[in-house]
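Read the structure below first, then the notes.
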Amino acid sequence: MSSGAVLLEVRSLTKRFGGLTAVSRLDFDLREGEILGIIGPNGAGKSTTFNLIAGACAADAGEIRFAGQSVLGLPPHRIAARGIMRTFQHNRPFGGMPVLENVLVGAHTRFRSSLWRLVAGGGTAEEERQRRRAEELVDFVGLGGLHGADVGTLSFGQGRLLEIARGLAGEPRLMLFDEPAAGLTPGELERLAEIVRGIAARGIAVLLIEHDMRFLLPLAQRVVVLNFGAKIAEGTPQEVRRHPAVMEAYLGDAAAL
Amino acid sequence: MKAAARWAGTALVLSAVAFLLSPYYNDVYRKLLLWITLALSYNFLFGVCGQIAFSHFTFYGIGAYAVVILIFQLGLPLPVAIVAGTALCALVALAAAIPSTRLEGFYLGLATLALAQLFIVVLNEGGTLTGGTGGLANYRLPKVFGFELSGPRYTVVIVLLLIGTFALLARLDHSWFGRACRAVRDNPEAAAAMGVNVARTKVIAFAVTSALAGAAGMVYAFVDNTVNPPIFGLENAFLLLFMVIVGGAGRHAGAVAGAVFLFLLPFVLSPLIGHHHVLVFGVLMVAAIVLQPRGLIGIYDELRRRIA
């Protein structure tokens, strides 16, 4: 289904909080252009896994390799510079800047002009180029016409789209989505699924942490199911849906599947 | 190129004004230009980068004292003193920035307040080197390449300082660096996720703006031809903060408006209510925070929207 090369390799990843093992010896791979979903009941370790890959917290054991190199223990800004960008579950826009400027912050690691060059009056061509790219991305996520809008005036759904455009501005090879469906209307969910497919079609690997199965299962090509920090199943959405361990983990919530 | 022409034109107009003013008003004009210069760099630190630091006026003082001590106490030639003075400011700024910017909000405020107080203690206890409580006086700017810079001609130096500071900050603001500073101010965690090195961005912003304040201080040293501890005390440090907040933090035009407004206000109020004008400042400050957080420039924006 996905023919791209392996981009992200997670091996024996483990994270403990005191006596609680939030993520336990987790293994999975992610290929270029592939859409992988990580699902699981509340407290399964989804968010911790996300934070470990994004560099927001440090692992106790294991390895995360990205494009053949270890990214384990790198701070978030260096992870972004490697080509891993993210969205936040609770939108975190830069409130003092209009929409387009927010997206341009996402392109931060793509700028090559040094501070000295800026002081000497250089770097204007690069600024213009990035600005045009940011405009294209704002249009791509469907916020065209809102380039100069104050982010405070955006709806929650529009704010989520801004998060995506901002992440894409960093020219990621891997895009991480933290519960992107949370708080969106059915119409917005449809639009979001379309955008995620469009991102994968550009050859970008997509990792979604998601709660909402009705959104995730039709979208993901492969799903990893977590429960109590451990992987209990992995496969295509169809395989996972019929998996006994998954049905047990979601017992009483069969409608969700 | 168009931008360069605009800066040159502004410098020309501001310089021309100096030659029309009497010596008294030239002195007032020079101080106004210096306050605007300081408000611009402080606005970048406080308004754009969101660092609540009280050390900005201290760096102004370090620059002023440094250039006077280097030339008249240590006998260095003027160009060497200027280079050494700037280097000293940048060095002290870096030394202060690296531990300070690891602190946030309230704690950064306290640390920089301590630095500001320490500076005053050092000035008072500095013996003959700093001139103690009386400071240093009775010196004159040496000739620059055989050219005497006095009267309106020295005002032109201040205009060039202001334009240079403004142009530099505007360049930085409309670049990846300015956006990184604003991102750090608005949401440090999201900024880091976008690839911004938060600590490094804060240190650079602190060092650059503090060095600019130091440069302004060096120029100030030859305005009154005296430097003494009370000038660099907390009263002026807070006035600077008021200027940026009342004008509209985060906007260059706001810093200019706030500096002009609060600098000229005492000239209007003093004949009416004497030293009670400080009280009016306090009320204005509270009013700005409660009623118009975007300051004078926010009021201007609002008016323009209504007319349009």
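The values are calculated or read from the model by the stated rules, or taken from the named source; none is laboratory data. Only a predicted model underlies this, so the values are computations on that prediction, with no experimental measurement involved. All Cβ positions, even for glycine, are placed from backbone atoms using ideal geometry, and neighbour counts span all protein chains on display.
Below are the figures for this structure:
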item	result
Single residue of B:Ala111, B:Ala90 found to be under 14 Å from B:Met218 (Cα atoms) and in a helix (DSSP H, G or I)	B:Ala90
Answer residue from the stretch A:101-145, given it is aliphatic (A, V, I, L, M) and within 21 Å of A:Gly198 (Cα to Cα) and is nearest to the other protein chains (Cβ to nearest Cβ) among those	A:Leu104
Evaluation of A:Ala81 against (1) hydrophobic (A, V, I, L, M, F, W, C); (2) in contact (Cβ under 8 Å) with a residue 60 or more places away in the chain; (3) touching a helix residue (DSSP H, G or I) at 6+ places or on another chain (Cβ under 6 Å) (one fails), failing number	(2)
Given (1) more than 13 Å from the chain's Cα centre (by Cα); (2) assigned by TED's automatic domain parsing to the domain that holds A:Pro76, number of the condition A:His147 does not satisfy	(2)
Pick from the stretch A:89-131, criterion surrounded by fewer than 21 Cβ atoms within 10 Å (Cβ to Cβ) and in contact with a strand residue (DSSP E or B) (Cβ under 8 Å, 6 or more places away or on another chain), ranking: farthest from B:Ala192 (Cα to Cα)	A:Pro98
Residue match in the stretch B:181-197 (condition: aliphatic (A, V, I, L, M), under 25 Å from B:Gly61 (Cα atoms) and in a helix (DSSP H, G or I))	no
Hey, A:Ala169 crowded, with 17+ Cβ neighbours inside 10 Å and among the hydrophobic types (A, V, I, L, M, F, W, C) or not	yes
Test: residue in the stretch B:197-209 that is within 14 Å of chain A (Cβ to nearest Cβ), without any contact (Cβ under 8 Å) to a residue 12 or more places away in the chain and either under 16 Å from B:Phe44 (Cα atoms) or not polar (S, T, N, Q) (or both)	yes
Criterion: closer than 18 Å to B:Glu235 by Cα and among the small types (Gly, Ala, Ser) - qualifying residue of B:Ala96, B:Ala114	B:Ala114
Residues of the stretch B:29-40 that turn out to be of a type outside the set (S, T, N, Q) and either touching a Ser or Thr at 6+ places or on another chain (Cβ under 7 Å) or modelled with pLDDT under 95 (or both), as a count	3
Members of the stretch A:155-202 that are assigned to a helix (DSSP H, G or I) and free of Cβ contacts under 8 Å to residues at least 40 places away in the same chain	A:Gly157, A:Gln158, A:Leu161, A:Pro186, A:Gly187, A:Glu188, A:Leu189, A:Glu190, A:Leu192, A:Ala193, A:Glu194, A:Ile199
Residue count, the stretch B:170-190 (criterion: at the interface with chain A (Cβ under 7 Å from one of its Cβ atoms) and small (Gly, Ala, Ser))	4
The stretch B:198-225: number of residues that are within 30 Å of A:Pro75 (Cα to Cα) and over 12 Å from the mean Cα position of the chain (by Cα)	10
Total residues in the stretch A:147-170, condition in contact with a Pro (Cβ under 7 Å, 6 or more places away or on another chain) and β-branched (Val, Ile, Thr)	1
Whichever residue in the stretch B:145-180 is in a helix (DSSP H, G or I) and of a type in the set (Ser, Thr, Tyr) and, among such residues, is nearest to the chain's Cα centre (by Cα)	B:Thr165
Some residue of the stretch B:154-167 being farther than 23 Å from B:Leu110 by Cβ, within 14 Å of chain A (Cβ to nearest Cβ) and small (Gly, Ala, Ser)	yes
Filter result (of a type outside the set (Gly, Ala, Ser), within 16 Å of the chain's Cα centre (by Cα) and at the interface with another protein chain (Cβ under 7 Å from one of its Cβ atoms)) within the stretch A:80-100	A:Arg86, A:Phe88, A:Arg92
